[in-house]
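Below is one structure; the comments refer to it alone.
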Amino acid sequence: MCVEAALGGSRIALLVVPGASREQIVGAHGDALRIRVAAPPEKGRANGAVIALLARVLGVRRADIRITAGHGSRRKAAHVRGLGPDDVRARLRI
């Protein structure tokens, strides 16, 4: 599954599509959560857009989310502090 328990929160496996026409969480894609962001994959802009989108959808501060793996890749892992896997799944509706 794309969401699992991690120290102090949850870990989300992501598949990011940068440069999309609109930002949205598409849904599960294999073992990852597919996310589209409008930002280009340059100088961390797409990573920032992913954090902003997740924070908005999950109802947490941007500071509570960080990219933990895949900084330069479409496949990423994000850590969400303070929310368990069940809460994350419910808020993402997956």
Across the Cα atoms of region 3-92, what radius of gyration and what greatest pairwise Cα-Cα distance (Dmax) are found, in Å? 11.7, 35
Add +1 for every Lys or Arg and -1 for every Asp or Glu among the other residues with Cβ under 12 Å from the Cβ of L15, and state the total. +4
By how many nm would the segment from R91 to R45 grow when fully extended, if each residue of separation counts as 0.36 nm and the alpha-carbon distance is taken off? 14.1 nm
Filter the trypsin sites (Lys or Arg not before Pro) in region 15-54 to those in DSSP coil with at most 14 other Cβ atoms within 10 Å of their Cβ, and list the result. R22, K43
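Bear in mind these aren't lab numbers, they're just calculated from the coordinates by the rules spelled out. Treat the numbers as computed from the prediction; the structure is a model and nothing was measured. Glycine gets a Cβ as well: all are built from the backbone with ideal geometry, and neighbour counts include every protein chain shown.
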